[in-house]
Amino acid sequence: MGIRFNEVSYGYSSFAQGLYTAIKDINLEITEKNEFIALVGHTGSGKSTLAKHMNALIFPTSGTLEIFGHTITNKRNKKIKYNDIRKKVGLVFQFPEYQLFEETVEKDIMFGPMNFQITKEEAKKLAKQSLKLVGLDDSYLSRNPYNLSGGEKKRVSIAGILAMDPDILVLDEPTSGLDPAGKRILMDLFKNINETTGKTIIIITHDMDLVYQYFNRVLVMNDGHLMFDGKTEALFQKEDVTDYHLDYPNTIKVLKYLNQELNLNMNVFQKTTAEALAEIKRAVKL
Amino acid sequence: MKSIIIGQYIPGKGLFYRLDPRTKIIAVLLIMISVFLLETIEQLLIGLATAIVLLLIGKISILKVIKGLKPIMILLIFTFIFQIILNREGEAIVSQQMYFTVYTLLFLILAFIVWRLIAKLIRYRFTLFFLFAAGVFLILSYVDFGANIANPFTFNIYRAGLEMSFFVVVRLLIIITLSTVLTLTTKPTDLTQGLEKLMHPMKKIGFDSESFALIISISLRYIPTIFDEANKIMLAQASRGADFSEGKLKDKLRQVISLLVPMFIIAFMRSEELANAMESRNFVPGEKRTRINELYFSHGDIIATIFSFLILALAIVLKVI
C-alpha cells in the first residue's frame, strides 16, 4: 500500500482574507510499485498542495491520509516518525534554489542520505550513482552548485532526492524552464528509472505533449477538486479538457485542424510527431 | 506568526483610515510624549481610558488589539516582576519568610513535573504558568521543615515597587495600543510617505529622507515575501530529512545551515531582480519623483492635530502643577 487520500481537504488561512481552501475532498489511491502518473491542472488548482501532502510536509485540515501504513491526520502525532515517511516518499520542489546549499554538488547530494543515518562512504557512493542517474558525469561532484546552469541545478536537486532512495518519487514541475530537448531527456530518464527500478513516479507538469506521450495514468485538478483519475487516452478521447482549463496535445490539435480544413478522416489520437506524420501520409496518399 | 498584529495593516473604514498619515504620526508622537509626562496612577488610568475611547471612535475591535498584545505579554510580565522585586522604596506590604530546605527542592521538582504534565494535556499555558509560579511561592514559604540548604531569607514587596510596576505596565500598554492604531489603520506605503514628507526639512542637514523612506518601504514590503521563501526552504529541506521537530541537537545545528544559505542566496537574487525592475522603469536614485496619491490635509486632520496638542498641553499643565 502506497498513499491513500480519504476525503482530504486543506485550507490556507490568512489574516486579511480568512480561509482559502486549496484542495477539497480528495479521494485518491497510489500504489508504491510501477506507476507513472502525471498530475495536471491550471495554476492555482491545488496540484502543489496535493503533492506536499504526499510526504506529510503539510497535514490535511480535514480527512485522513495513509502513507505506507502511517495515518496522517490534522495534528502532528508524536508516535509517527515523519522523517521515515520522507525517506519513503521523495518530493522534489520546483525551484532548486530552495534546497541547494553546500559548497560542492557531492556534499549537497549527500545531505539527504546523511540525515537518514547512512555512513559517509555509503552516502558518497549514493551521490555518485544518483548523479549518473540524472545524466551528469563525475566531474560535477566537486563543482559549486550555484555555478551551474538552470537545467544542471535542477538535475542536481533531483539527484539529491534520488540519493535517498525513496519508494515513491514526486516531482513538482521538473521540466519547467528547460528547452524542449532537455525536457525529453529528463522525461526519458524518469521513464527509465520507473521501468528499471519499479519506483512509482508522480510528475506535476503543464506540458500536455509530454503527458500524452509518456504517461499511462493522469490526475486532473481543477479549482481544488480532483476531476479526473484514469488512463491518459481516456482523458483526451472522452473528456473535454478545455473544461478543466487545459489544452490538447499539439498532435491532436494539428490533426483535428487538418481534418476540419481538408475534410479528411484521420485518427487524431496520435501520441508522437512521427505517428502523426505517418497518419497524415496515410490519409493524403489515399 | 500570523497572529502578531503589531505592524499589520488591516483594510477597513473608519475615522482613522481617512486621516492623513502625517497627522497620525504627529498625533501618536504627541500623545506618547504626554503619556511619559504623566506622574500619578490616576492620570495614567485616564490616559488608558482615552486610548480605549480612541479605539472605539476609530471602530477598531478592542478584542483584536488585545489578541495582538499576546506576544508582548511576556515583556509586560517581566517588567512587572522585575519592578516588584528590585524596587525597595516605601513601606513593605508583603513580608514573607522564605525557606529553602531539602524538602523544598523535592517539592519544587514535583511541582515542575506536575506542571509540565498538565501543560501537555490542556492548552491554557499562561494560566498554568501563573499557577506554577504561585505554587513555587507557597512551597518556598510554607515548607520549613528539613535541613536548610540555603539560609532563610525574607521576601518583601514594597508599596513603591507595586505602584511603579503597575505604572510601567499601564504606560507600556497605552504606548503599544497607540502605535497599533497607527499601523493598523495606515498602509505601510502611506506611512513611509508620511515619514518622508515629515523628515523632508532635514535635507538641509544632509539627511536624505527620500532614500530613507524608500529603504523602509522596501524592507517592509519584503518581510512577508522573505517569510514565505523561508517557509518553502524549510519544506524543501524537510523533505530531505531535515525536520526540525525530530532529530538530535547536533543534527539540528547542521540543518540550520541548510536553511540559512538558500535564504541568503534567495534574498540576494530577489534584491538584484528588484534593482533591475526599478531601473528598467527609469528609477534614478535621488531624482525627484511624482506620486499617484498626493497627501493632503482635511478638516479631520486639523481637528486631530488640535486634539493631540490639547492632550500634550494638558499633560504639561499637570506636570507643572
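The values are calculated or read from the model by the stated rules, or taken from the named source; none is laboratory data. Here the structure is a predicted model, which is why all the values come from computation and not from measurement. Note that each Cβ is placed from the backbone with ideal geometry, even for glycine, and that neighbours are counted across all protein chains shown. Heads up: the accessible areas ignore ligands, DNA and RNA and are worked out on the full protein's heavy atoms, side chains in. Shrake-Rupley method; radii C 1.70, N 1.55, O 1.52, S 1.80 Å.
Here are a few things to note about the model shown:
- For region A:246-264, the condition of being in contact with a strand residue (DSSP E or B) (Cβ under 8 Å, 6 or more places away or on another chain) and of a type outside the set (Asp, Glu) holds for at least one residue.
- Checklist (1) over 27 Å from the mean Cα position of the chain (by Cα); (2) over 24 Å from A:LYS88 (Cα atoms); (3) open to solvent by 80 Å² or more (accessible area, probe 1.4 Å) applied to B:ILE215, failing item: (1)
- Tally of residues being within 19 Å of the chain's Cα centre (by Cα), over 30 Å from B:PHE155 (Cα atoms) and among the polar types (S, T, N, Q) across region B:49-101: 1
- Across region B:267-321, the number of residues qualifying as among the hydroxyl-bearing types (Ser, Thr, Tyr) and not in a helix (DSSP H, G or I) comes to 3.
- Taken over region B:203-228, the criterion of being within 14 Å of chain A (Cβ to nearest Cβ) and without any contact (Cβ under 8 Å) to a residue 40 or more places away in the chain is satisfied by B:ILE223, B:PRO224, B:ASP228.
- Residue within region A:32-39 that is within 14 Å of chain B (Cβ to nearest Cβ) and surrounded by 23 or more Cβ atoms within 10 Å (Cβ to Cβ) present: no
- Residue within region B:233-243 that is more than 14 Å from chain A (Cβ to nearest Cβ) and either closer than 30 Å to A:VAL92 by Cα or exposed (fewer than 15 other Cβ atoms within 10 Å of the Cβ) (or both) present: no
- Test: residue in region B:189-202 that is at negative phi, open to solvent by 100 Å² or more (accessible area, probe 1.4 Å) and away from chain A (no Cβ under 11 Å): no
Per-residue answers, yes or no, for (1) surrounded by fewer than 10 Cβ atoms within 10 Å (Cβ to Cβ); (2) at pLDDT below 90; (3) among the polar types (S, T, N, Q):
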site	(1), (2), (3)
B:SER245	no, yes, yes
B:PHE268	no, no, no
B:ALA277	no, no, no
B:ASN293	yes, yes, yes
B:ASP301	no, yes, no
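- Scope region B:247-256; condition open to solvent by less than 90 Å² (accessible area, probe 1.4 Å) and either in contact with a strand residue (DSSP E or B) (Cβ under 9 Å, 6 or more places away or on another chain) or facing chain A (nearest Cβ under 9 Å) (or both); matching residues: B:GLY247, B:ASP251, B:GLN255
- Among (1) farther than 30 Å from B:SER34 by Cβ; (2) in contact with a helix residue (DSSP H, G or I) (Cβ under 8 Å, 6 or more places away or on another chain); (3) of a type in the set (Lys, Arg) - the single one B:LYS288 does not satisfy: (2)
- Residue check for A:TYR98: in contact with a strand residue (DSSP E or B) (Cβ under 9 Å, 6 or more places away or on another chain), within 10 Å of chain B (Cβ to nearest Cβ) and of a type in the set (Phe, Trp, Tyr): no
- Some residue of region A:72-79 being within 18 Å of the chain's Cα centre (by Cα), within 10 Å of chain B (Cβ to nearest Cβ) and either open to solvent by 60 Å² or more (accessible area, probe 1.4 Å) or not polar (S, T, N, Q) (or both): no
- Residue match in region A:8-30 (condition: open to solvent by 10 Å² or more (accessible area, probe 1.4 Å), away from every other protein chain (no Cβ under 14 Å) and part of a loop (DSSP other than H, G, I, E, B)): no
- From the list A:GLU279, A:GLU275, the one residue that fits, being surrounded by 17 or more Cβ atoms within 10 Å (Cβ to Cβ) and part of a helix (DSSP H, G or I), is A:GLU279.
- Taking (1) within 20 Å of the chain's Cα centre (by Cα); (2) within 14 Å of chain B (Cβ to nearest Cβ); (3) at pLDDT below 90 in turn, A:ILE118 satisfies each apart from (1).
- Top-ranked residue of region A:194-247 - restricted to ones that are in contact with a Lys or Arg (Cβ under 6 Å, 6 or more places away or on another chain) and open to solvent by less than 10 Å² (accessible area, probe 1.4 Å), ranked as farthest from A:ASP165 (Cα to Cα): A:GLY224
- A count restricted to region A:80-95 and to residues that are buried (at least 17 other Cβ atoms within 10 Å of the Cβ), more than 8 Å from chain B (Cβ to nearest Cβ) and of a type outside the set (A, V, I, L, M, F, W, C) stands at 2.
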